[in-house]
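The next block holds one structure in the form of structure tokens; read it before the comments.
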Amino acid sequence: MADLDTLSDTLDQATARANAAVAAHLPLGQTDDFEAASRGRIAGRPAGGIMGPKGRKAWDMADFDFLQNDCPPTVNPSLWRMARLNAISGLFQVADGVWQARAFDYANMTIIRGDTGWIIVDPLMARQSAAAALKVVNDTLGARPVSAVIVTHTHPDHFGGIRGVVDADDPPPIYAPEGFMEYAASEGVLGGNHTARRAIYQFGITLAPGPEGLVDGGIGKTVAKGERTFVPPSDVVGETGATRVIDGVPVTFLMASGTEAPAEFAFLLPDHKVLCMAEVCTQTMHNLTPPRGAQVRDALLWSRCIDQALTLFGDRAEVLINCHNWPVWGQEALRRYLEEQRDVYKYIHDQALRLANLGHTPHEIADLIQEPEWLASRFHARGYYGTLRFNARAVYQRYYGCYDGNPVNLDPLPPAKLGALYVAAIGGADAALAVAERAVADDDLQWAATVLSHLVFAGEGGENARRLLALVHRHQGYREESGIMRNVYLVGAQELEEGVRPLPMAGGRNADLAATLGPQDWFDAFALRLNPQRAKGVTLVIDFNIEGRDISVMLARQVEFARIDTRHPDPDARVTIEQTLLERLAAGDITLDQARDQGARIDGAARAVADWIALHDTFELWFDIITP
């Protein structure tokens, strides 16, 4: 293998040239966004950061003070500009009676003055960051109680901090879009462990902030490493044009479910002339499906929803705010902004399907799709979060699924088997390394990464293959305009070099959210943990009574199924238990005997309950991704 230092020098020079070309192509000297992002600032960020549980720091924007320097060659200069904008932090007045706390967490928390207290919109990801934002509000504007909460959509960076602003035992009215509980559960619980692991890559959670590490996440910095909580909504909104008077403030809603989130709304504050587009619009192109994993979003519906906001509210608003990034000021500017945000999703949708209908596969579509001409000077629609190529593949997936029509892809080989065959076909590990080194010399990084990934999954090439793949991924990250795509590359490089390093408070199951699941959702979520090898030949029926509701759980043929509002005539056991206690028992936090001591009752074969729990897997968050 060639000397790694020599290859590193080669890549350093190539990356510097690539990033210089970006700077030459884009009008990075524009200052309008910096003026918009700084306007109305009345208080700074908390000194010393925000402390989390057990004395650990949950959040500190001072970690990003390096952004005050000139852009280094290890960061795409367009991303560096965006990172500096997202570092403008503090409490900002948007209009008389409306403020935003920005850069206290990944999202913004919006504060509206009601008749009796604060109306909080989207109380961030972590309890500690939400509480810190509210403290700055009260210290700056005068202490008031929280009189209502509005949660715009189902993603946890907009509700996980809710217990930092309300008393869960006596909460104020909480408003959310129709379907919120169903989808918050499916995204946050059913697929949650896998999504949480990939989110560590997407948000760069294990990366240290710095020019060679975490710089930005496109719609903010990253997610706070604090306690994630939940309080169920008390009032749902499901109709565009519906108006609620919340603590004396009229709020007119626009349903946006199926766009950025499966349940979402935007809203107008007509008395304030403020339009909040939730996360339907941001100061970047969004994801049609994120790297962390989610159901593919409807780009056509997304564009229509933005156009509906434009037609309904465009002449009634003077300021547009989002739940990430900074506002758009002035009616003329916000109307143009909405038009361009609409058009970027319509363009991706239409061009991806045009190319598909010409016979192209998803990877070909990503290679062929061209950036529209107007996008070069309109930074708010560039790919700092989602990207044109990734989103084009998402459109294909939504319409056609994961199969591209080529018979060879009907039943593809798994990575380890494919890697071994691939390396053998090339002529062995040394030959494969030589191919990768030539690709590095030619600055063909994706080809180099492809060959080296096969080597790693084949278990060949040893430390040399891992170190070279880490180097290649690192430079792919350094060139990325998207903050989250950069993070994915850099976390991959880190895990190749250092292995998987678990961090506390980095994600995982939201126990508050899990505890609010209805019986059907809870038992569906537990059933997907059933290990079919352990369940071979097992037939079992357990009836549950959970807070007065009957559920019959049947296990046969290596499948677990729960019937709600049903009792079996002859179960192996009957269990009477509170749902919070069942959640702790199933999670392994307490034993069966401890559950009994705390009020659970078991009639029949108690052993059957213990056996049932033992048939299920425990999901570990920190599974391998970039290595076999």
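Determine which lysines satisfy two conditions relative to Lys221: a Cα distance under 26 Å, and not lying fewer than 8 residues away in the same chain.
Leaving aside lysines fewer than 8 places away in the same chain, those within reach of Lys221 are Lys54, Lys57, Lys135.
Using only the heavy atoms of the protein chains and a 1.4 Å probe, how would Ser129, Ser234 rank by accessible area, largest first?
On the way: Ser129 0, Ser234 85 Å².
I get Ser234, Ser129, largest accessible area first.
In debye, nearest 20, what is the charge dipole magnitude of segment 271-352 about its Cα centre with +1 on Lys and Arg Cβ and -1 on Asp and Glu Cβ, if you could check? Don't skip to the end; give the middle numbers.
On the way: 9 positive and 11 negative charges, 39 e Å.
In debye, rounded to 20, segment 271-352 gives about 180.
Where the centre of each part is set by its Cα atoms, how far does segment 111-136 sit from segment 605-628, in angstrom?
38 Å
Using only the heavy atoms of the protein chains and a 1.4 Å probe, how would Trp612, Trp447 rank by accessible area, largest first?
On the way: Trp612 5, Trp447 100 Å².
The residues order as Trp447, Trp612, largest area first.
Once phi is turned into θ = phi - 60°, what whole-Hz ³J(HN,Hα) does the Karplus curve with 6.51, -1.76 and 1.60 give for every residue of segment 596-607, x standing for Gly and Pro?
3J(HN,Hα) across segment 596-607, in whole Hz: 4, 4, 9, x, 6, 10, 10, 10, x, 7, 4, 4.
Within the chain, what percent of beta bridges assigned by DSSP are antiparallel, to the nearest 5?
So the antiparallel bridges amount to about 75 percent of the total.
Using a 10 Å cut-off on Cβ atoms, rank the peptides 294-304, 116-126 from the highest mean neighbour count down.
Averaged packing, sorted descending, gives the order 116-126, 294-304.
Can you give me the distance in nm between label points at Ala20 and Arg336, each placed 7 Å from the Cα along the Cα-to-Cβ direction?
The modelled label-to-label distance comes out at 3.3 nm.
R0 = 35 Å: FRET efficiency of Ala434 with Leu368, Cβ-based, nearest 0.05?
According to the calculation, E is roughly 0.70.
So for each of 14-27, 82-95, 470-483 I average, over its residues, the number of other beta carbons within 10 Å; can you give me the resulting order with the highest mean first?
470-483, 82-95, 14-27
Go through 254-264, 430-440 and give me the packing order, highest mean Cβ count within 10 Å leading.
Numbers: 254-264: 23.9, 430-440: 19.7.
Listed from highest to lowest mean packing, they are 254-264, 430-440.
With each label point set 7 Å from Cα along the Cα-Cβ vector, what nm distance links Ser38 and Gln533?
6.1 nm
Among the lysines, which have Cα under 28 Å from the Cα of Lys536 when same-chain residues fewer than 8 positions away are ignored?
Within reach: Lys417.
Lys273: which aspartates and glutamates have alpha carbons under 19 Å from its alpha carbon, excluding same-chain residues fewer than 8 sequence positions away?
Leaving aside aspartates and glutamates fewer than 8 places away in the same chain, those within reach of Lys273 are Asp96, Asp115, Asp247, Asp307, Asp315, Glu318, Glu332, Glu339.
Below 8 Å between Cα atoms, with a sequence gap of 6+, how large is the relative contact order for segment 487-595 in percent? Provide the component values of the computation, followed by the final result.
Details: 123 pairs, mean separation 22.4, N = 109.
With pairs under 8 Å counted, the relative contact order is 21 percent.
7 Å from Cα along Cα→Cβ at both Thr243 and Asp139: what's the point-to-point distance in nm?
Result for the modelled spin labels: 3.9 nm.
Whole-Hz Karplus ³J(HN,Hα) for segment 368-383, in order, using 6.51 cos²θ - 1.76 cosθ + 1.60 and θ = phi - 60°, x for Gly and Pro?
8, 5, 10, 5, x, 4, 5, 5, 4, 10, 10, 4, 5, 10, 7, x
Report the Cα centroid-to-centroid distance between segment 190-246 and segment 513-583 in angstrom, as an integer.
Taking the Cα centre of each part, segment 190-246 and segment 513-583 sit 30 Å apart.
For segment 475-605, with every protein chain kept in place, what is the accessible area per residue (1.4 Å probe, Å²)?
Ligands and nucleic acids excluded, the figure is 47 Å² per residue.
The values are calculated or read from the model by the stated rules, or taken from the named source; none is laboratory data. Owing to the predicted nature of the structure, the values given are computational and were not obtained by experimental measurement. Positions of Cβ are backbone-derived with ideal geometry, glycine not excepted, and every protein chain shown enters the neighbour counts. In case anyone asks, the SASA skips ligands and DNA or RNA and just uses the protein heavy atoms, side chains included. Shrake-Rupley method; radii C 1.70, N 1.55, O 1.52, S 1.80 Å.
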